[in-house]
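Scroll down for the structure; my scribbles are underneath it.
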Amino acid sequence: MSQEVKVPVLPESVEDAIVSAWHKKPGEAVARDENLVDLETDKVVLEVPSPVDGVLGEIRAEEGATVTSGDVIAVLEEGQAAAAEEKSGDSEKEPAEEAAAEEPAEPSAKEAASEAPAETQKSESGKGGLSPSARRLAEEEKVDPGQVPGTGRGGRVTKGDVIQFLKGSGSRTEERVKMTRLRSRIAERLKEAQNTAAILTSFNEVDLKAVMDLRRKHQEEFTAKHGVKLGFMSFFVKACCDALRKYPVVNASVDGDEIIYHGYQDIGIAVSTERGLMVPILRNAESMGLAEIESSIRHYADQAREGKIALEDLQGGTFTITNGGVFGSLISTPLINPPQSAILGMHNIQERPVVVDGEIVVRPMMYIALSYDHRIIDGREAVLFLVAVKEALEDPSRLLLGI
């Protein structure tokens, strides 16, 4: 009995998806609820599980195809799993047998010399003159076996020869790869931000000695109690929430000719993944404690990197924090995340000489940057916002006392 596999109902505001990767091939056995295919949307990757036990009979939407809710993307044949597994077991033996059949007998030095000149052997090394492992590696790396000098008996190309060729080839290769759906969406939104907002960036620097001392003093106890480490990001989130409360226009957004002031602080935390940048949202961050912030950030970061984060966790947000310092960035001008009007950029912590109370001392310093939409945020509010963040981080007790 045939069973159609359809695209599930896509999340709200998502019109279509791209078939990212099939995890099964036609003829292979599948188990109920086993992931068949990944569908990539603007924000997340959706897994489509098998509805029954059976065999994948036909794929109707190849990788790269655009699909919508309800589209039939494959057909399953129920009740054929056992036969498929048996066939699969037989096919697993074939490569070994083929390899044995293809394995050429090693010629004697006299035979090798009489059969063909060295140049001919080299040109045919991509056929009978490759060991099975060398052939597989050459195919994977798209290497022309005829260009690889063979060091095996009779000029045979070994796997080591292919590896050495890859190391020293220095080829000027080019590869054209289509953008992923997420990367295209990121590019679209960043260009939208540049074209729409009047973006300006202001800078300041923060002495993080007080925060580092606090973390060092209470890290062990904090981790034991809450099951998560006390990082820097939770302090920055709380400092930004405090500054946003003082300067609410930095937390606002533009809608046509109106300014929307948000009575809450939903903070986006930029997370780098293999697929691109994602920004999960901490809802009502102003009411969260340090431990809850750290736990939420770790949870969302893990979900994002595994491609399992829910779309609703990436939507909305009134302000964003991005940390280029984890990659070594010293200073940058981050782009705002529309329709938000501002974003804070964190950077690398470096020990630098600074003057404190008339004396030169070495302190762990970080440059911070606020990019903002100058259409609604004046330089005064932007600078005072950064000063408020700086003061809260240099004296964390201010956050506790609410001053």
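The values are calculated or read from the model by the stated rules, or taken from the named source; none is laboratory data. Here the structure is a predicted model, which is why all the values come from computation and not from measurement. Cβ coordinates were reconstructed from backbone atoms using ideal geometry, including for glycine residues, and neighbour counts include every protein chain displayed. The protein model used for the area step is the full one, side chains on, heavy atoms only, and it has no ligands, DNA or RNA in it. Shrake-Rupley method; radii C 1.70, N 1.55, O 1.52, S 1.80 Å.
In segment 43-61, the qualifying residues are those that are open to solvent by 40 Å² or more (accessible area, probe 1.4 Å) and part of a loop (DSSP other than H, G, I, E, B), and the one that is modelled with the lowest pLDDT is LYS43.
Filtering segment 264-281 to residues that are in contact (Cβ under 8 Å) with a residue 60 or more places away in the chain, more than 8 Å from the chain's Cα centre (by Cα) and either on the phi > 0 side of the Ramachandran plot or open to solvent by 10 Å² or more (accessible area, probe 1.4 Å) (or both) leaves nothing.
Pairs linking a residue in segment 146-168 that is under 16 Å from ARG136 (Cβ atoms) to a residue that is open to solvent by 40 Å² or more (accessible area, probe 1.4 Å) and aromatic (Phe, Trp, Tyr), with Cβ atoms under 9 Å and 6 or more positions apart or on different chains, are VAL148/PHE165; VAL157/PHE165.
Among the residues of segment 354-365, is there at least one that is in contact with a helix residue (DSSP H, G or I) (Cβ under 8 Å, 6 or more places away or on another chain), in a strand (DSSP E or B) and touching a residue at least 24 places away in the same chain (Cβ under 8 Å)? Full working, then the answer.
Residues of segment 354-365 that are in contact with a helix residue (DSSP H, G or I) (Cβ under 8 Å, 6 or more places away or on another chain), as a first pass: 363-364.
Okay, now just the ones that are also in a strand (DSSP E or B), so 363-364.
With the extra rule that they be touching a residue at least 24 places away in the same chain (Cβ under 8 Å), the set shrinks to 363-364.
Checked against the condition, which is being in contact with a helix residue (DSSP H, G or I) (Cβ under 8 Å, 6 or more places away or on another chain), in a strand (DSSP E or B) and touching a residue at least 24 places away in the same chain (Cβ under 8 Å), segment 354-365 yields at least one hit.
Checked against (1) open to solvent by less than 70 Å² (accessible area, probe 1.4 Å); (2) under 30 Å from ARG398 (Cα atoms); (3) in contact with a strand residue (DSSP E or B) (Cβ under 7 Å, 6 or more places away or on another chain), GLY150 passes all but condition (2). Considering only segment 333-344, I want to know if a residue exists there that is in contact with a Pro (Cβ under 9 Å, 6 or more places away or on another chain), under 28 Å from LEU384 (Cβ atoms) and not in a helix (DSSP H, G or I). Looking through segment 333-344, at least one residue is in contact with a Pro (Cβ under 9 Å, 6 or more places away or on another chain), under 28 Å from LEU384 (Cβ atoms) and not in a helix (DSSP H, G or I).
For (1) of a type in the set (D, E, K, R); (2) more than 17 Å from GLY268 (Cβ to Cβ); (3) out of contact with any Leu (no Cβ under 7 Å at 6 or more places or on another chain); (4) at pLDDT 95 or above, each residue gets a yes or a no:
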site	(1), (2), (3), (4)
GLU294	yes, no, no, yes
ILE309	no, no, yes, no
VAL356	no, yes, yes, no
ARG375	yes, yes, yes, yes
LEU386	no, yes, no, yes
LEU399	no, yes, yes, no
ILE403	no, yes, yes, no
